[in-house]
Amino acid sequence: MAKSLGVVALVAVAIAFPQVAPDPFILSVGVVIMSYAVLATSWNFVGGFTGYISLGHASYSGLGGYATGLLIIETGMNPWVALFAGAAVVALLAVPIGIASLRVRGASFVIVSIALVLILLLVFQSWGSVTGGSNGLRIPRPFGSDVLRPEQHERFFYLHALLLAFLLLAWWAIDRSRFGMGLKAIREDEDKAQALGVPTFGYKLAVFIISAFFTAIAGGMYALWFGFLDPIFQFSILIGSYMVLMSLLGGIRSLFGPLLGAVIVGYALEFFKAQYGDTQFHLVALGVLLAVVVLFMPDGIIPAVISLFKRFRPQAASIREQTQAELADQRRQQAADPSETHEPEEALR
């Protein structure tokens, strides 16, 4: 019941936010936070289920953004068709990438993911004739020039909210499926899961492609909203680090953990940027936040809060009350077989 009320409240807040936002800037911050929530939830398909930590997941959001933009510019494709077509292209590219990178684990996998995003950054910066290089790539607005910026923010806020709802539903469905059980077995002990017959590599590759597809859609949605792509930002390790931080902060094993982390981290980023301009103070603040989470809430905020509530919840009594009839029946049994009363004493000898 409490979970249902929480979901209803969350939906109500999402519907009401664009209407109560005091100005277009706050509304744009809401779009940014929703974009972060979609990215973090997409990342959590890999990180939450398998425990594989990818710091280079910006590779797929950046590829999704550029694939969407280039399909629109070069072919004149409908923006929304280009969004899903670009994500499908990224999913196909994720197949050989996953086959190569998922053969290693732990720190080696992290290094491979970082190497990929750095390679893509250099390629897209150097390939100026196609990607625009350091000058960036301007994407046509999908709703036309007649739609004002505040209306653009409002529409994209709701579009991100719908995409996030679909991702949460997909994560929830996988979590309760046999496929999800296999993925969680990989997370707990991959060698043991393989010994028990779980097709570990196939499961990892499948969820890796799913995660890349959704992350690419998030990147393409950002490209359509913002209207401009810069390879330095799109293929930044910081974007991948934000995804990891948001998921860890809320709880990577929790359905709504990445969403909660995105709200906290997204708001903190925009607040520190507004307060301290172009300085790097926001990175220091996020580093401190990550250290606090790792030290005091290693499983994330949501699991920590649930554990706290369980600690103060009344526990079931360990001594069961017995009726007078039950006590009388026990006395009759002991009188009929007196040796039963000496069993504990004999067991101690």
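One line per residue, one yes/no per condition, for (1) surrounded by 12 or more Cβ atoms within 10 Å (Cβ to Cβ); (2) under 13 Å from the mean Cα position of the chain (by Cα); (3) at pLDDT 90 or above; (4) not small (Gly, Ala, Ser):
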| position | (1), (2), (3), (4) |
| --- | --- |
| Gly6 | no, no, no, no |
| Ala21 | yes, no, no, no |
| Val32 | yes, no, yes, yes |
| Ser54 | yes, yes, yes, no |
| Gly62 | yes, no, yes, no |
| Ala67 | yes, no, yes, no |
| Ile72 | yes, no, yes, yes |
Next item on the list: Name every residue in the stretch 22-36 that is in a helix (DSSP H, G or I) and over 21 Å from Ala91 (Cβ atoms), in order of residue number.
Entry: Pro24, Phe25, Ile26, Leu27, Ser28, Val29, Gly30, Val31, Val32, Ile33, Met34, Tyr36
Check: If you go through the stretch 105-153 one residue at a time, how many are loosely packed, with under 15 Cβ neighbours inside 10 Å, small (Gly, Ala, Ser) and in contact with a helix residue (DSSP H, G or I) (Cβ under 8 Å, 6 or more places away or on another chain)?
Finding: 3
Next item on the list: Residues being among the acidic types (Asp, Glu) and outside any helix (DSSP H, G or I): count how many of those fall in the stretch 256-309.
Entry: 2
Margin query: Gly202 - would you say it is on the phi < 0 side of the Ramachandran plot, in a helix (DSSP H, G or I) and crowded, with 21+ Cβ neighbours inside 10 Å?
Written below: no
Note to self: Just the residues that are farther than 15 Å from Gly227 by Cβ, surrounded by 14 or more Cβ atoms within 10 Å (Cβ to Cβ) and either in contact with a helix residue (DSSP H, G or I) (Cβ under 6 Å, 6 or more places away or on another chain) or among the aliphatic types (A, V, I, L, M) (or both), please, taken from the stretch 154-165.
What the structure shows: Glu154, Phe157, His160, Ala161, Leu163, Leu164, Ala165
Note to self: I want to confirm something. Restricting to the stretch 223-269 and keeping residues that are of a type outside the set (Val, Ile, Thr) and in contact with a His (Cβ under 9 Å, 6 or more places away or on another chain), which single residue is surrounded by the most Cβ atoms within 10 Å (Cβ to Cβ)?
What the structure shows: Met243
Next item on the list: All but one of (1) closer than 23 Å to Leu39 by Cβ; (2) surrounded by fewer than 20 Cβ atoms within 10 Å (Cβ to Cβ) hold for Trp171, so report the exception by its number.
Entry: (2)
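The values are calculated or read from the model by the stated rules, or taken from the named source; none is laboratory data. Nothing here was measured: the structure is a model prediction, and the numbers come from that model. Counting neighbours? That spans all protein chains shown, and the Cβs are built from the backbone with ideal geometry, glycine included.
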